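In what follows, a single structure is set out as structure tokens and then discussed.
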Amino acid sequence: MALLDDLRQGVIDGNAPGTTSLVKQALSEGTPAEKILNDGLISAMAEVGRLFEAGEYFVPEMLVAARAMKGGLELLRPALAAANVQAIGKVVIGTVQGDLHDIGKNLVAIMLEGAGFEIVDLGSDVSPQKFVDAVAAHKPQLVGMSALLTTTMPKMKTTLEALNAAGVRGNVKVMIGGAPVTEKYAMDIGADFYAPDASSAATRAKAAVQGR
Ligand code: B1M
């Protein structure tokens with residue numbers, strides 16, 4: 001569809017005003033939010049990653065593309081989180097220490113919100129101690145950790161160890177995810193489960209807190 005192609009290109013080009021106006025247009029034309037997200041925004045970020053790997057894009061280009069994507073994502077938030085169901089539990093979520101990538105984590109938070117979770121979003125670059133403090137303060141049923149860098153994945157293990165050391169690990173289920181993370185890694189470090197994307201994160205989180 002031409003409009004979603006233009007939207008995808010707008011994100012790749014880092015055109016934030018163009019991205020927001022095309023998302024608004026797509027929504028007003030009745031395009032489903034999931035389609036705008038997948039075919040426009042997410043698909044664009046995959047291309048940005050490819051351009052970065054190919055040496056055609058550098059950090060500044062990734063950054064402006066990410067800003068454009070975030071603006072579009074905010075407009076989709078109400079439609080994506082529209083389930084409007086009663087709270088089924090609380091999640092403390094964050095991107096692990098040393099890692100600034102927060103778009104995927106934000107998307108997971110939106111889908112969890114849509115599945116009925118109350119969200120405590122700690123942001124990005126979250127230290128193990130900050131996760132521990134948030135679990136103690138908010139008493140969630142679930143902790144979600146995101147990592148996009150192979151170099152920051154080990155912080156997931158460190159955070160699990162910190163939760164253990166603080167004596168709060170037994171009170172929560174821990175879900176992990178992010179592009180380099182795998183099911184096997186989740187099992188190896190002692191997380192409860194892994195989710196490959198935002199919608200499966202919501203389904204699996206719901207099943208985990210409801211004991212299914
Ligand atoms: Co960076 N970056 N980046 N970057 N960046 C990647 C991740 C990279 C794959 C690019 C590449 O080389 N192709 C590469 C990592 C290589 C590796 O370690 N394997 C990389 C690199 C190297 C870097 C720097 C080191 C670059 C540098 O400085 N030389 C640097 C690191 C900074 C740091 O964090 N300390 C860096 C910086 C940045 C920006 C700041 C410029 C920007 C981030 C802006 C922001 O997030 N606010 C950025 C971006 C935008 C990317 C790419 C292009 C896009 C990431 C993204 O938003 N994807 C990325 C390339 C790529 O992924 N193709 C790349 C869209 C998002 C919707 O998908 O985050 O995968 P994703 O989330 C998905 C799933 O993974 C899953 O669900 C989400 C939705 O379906 N998921 C979860 C995510 N978290 C989950 C948690 C869960 C469950 C599922 O449970 C809790």
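The values are calculated or read from the model by the stated rules, or taken from the named source; none is laboratory data. This is a predicted model, so every value here is computed, not measured. All Cβ positions, even for glycine, are placed from backbone atoms using ideal geometry, and neighbour counts span all protein chains on display.
Residue-level analysis places Val48 outside the set of residues that are within 8 Å of the ligand (Cβ to nearest atom) and loosely packed, with under 15 Cβ neighbours inside 10 Å. Every condition in (1) at pLDDT below 90; (2) under 13 Å from the mean Cα position of the chain (by Cα); (3) more than 9 Å from the ligand (Cβ to nearest atom) holds for Val92 except the one numbered (1). For beta carbons closer than 9 Å, sequence separation of 6+ or different chains, a first residue in the stretch 56-72 that is more than 19 Å from Gln25 (Cα to Cα) and a second that is within 7 Å of the ligand (Cβ to nearest atom) and among the small types (Gly, Ala, Ser), the qualifying pairs are Tyr57/Gly49; Tyr57/Ala65; Met62/Gly49. Of the helices (runs of 4 or more DSSP H) lying entirely inside the stretch 125-212, those containing at least 3 residues that are more than 20 Å from Leu100 (Cβ to Cβ), in contact (Cβ under 8 Å) with a residue 24 or more places away in the chain and of a type outside the set (A, V, I, L, M) are 198-209. The one condition from (1) in contact with a strand residue (DSSP E or B) (Cβ under 9 Å, 6 or more places away or on another chain); (2) within 30 Å of Gly18 (Cβ to Cβ); (3) of a type outside the set (Phe, Trp, Tyr); (4) without any contact (Cβ under 8 Å) to a residue 12 or more places away in the chain that Glu53 does not meet is (1).
Quick one: in the stretch 51-78, which of the residues that are surrounded by fewer than 16 Cβ atoms within 10 Å (Cβ to Cβ) and under 30 Å from Gln210 (Cβ atoms) is farthest from the ligand (Cβ to nearest atom)? Per the criteria, the residue is Pro78.
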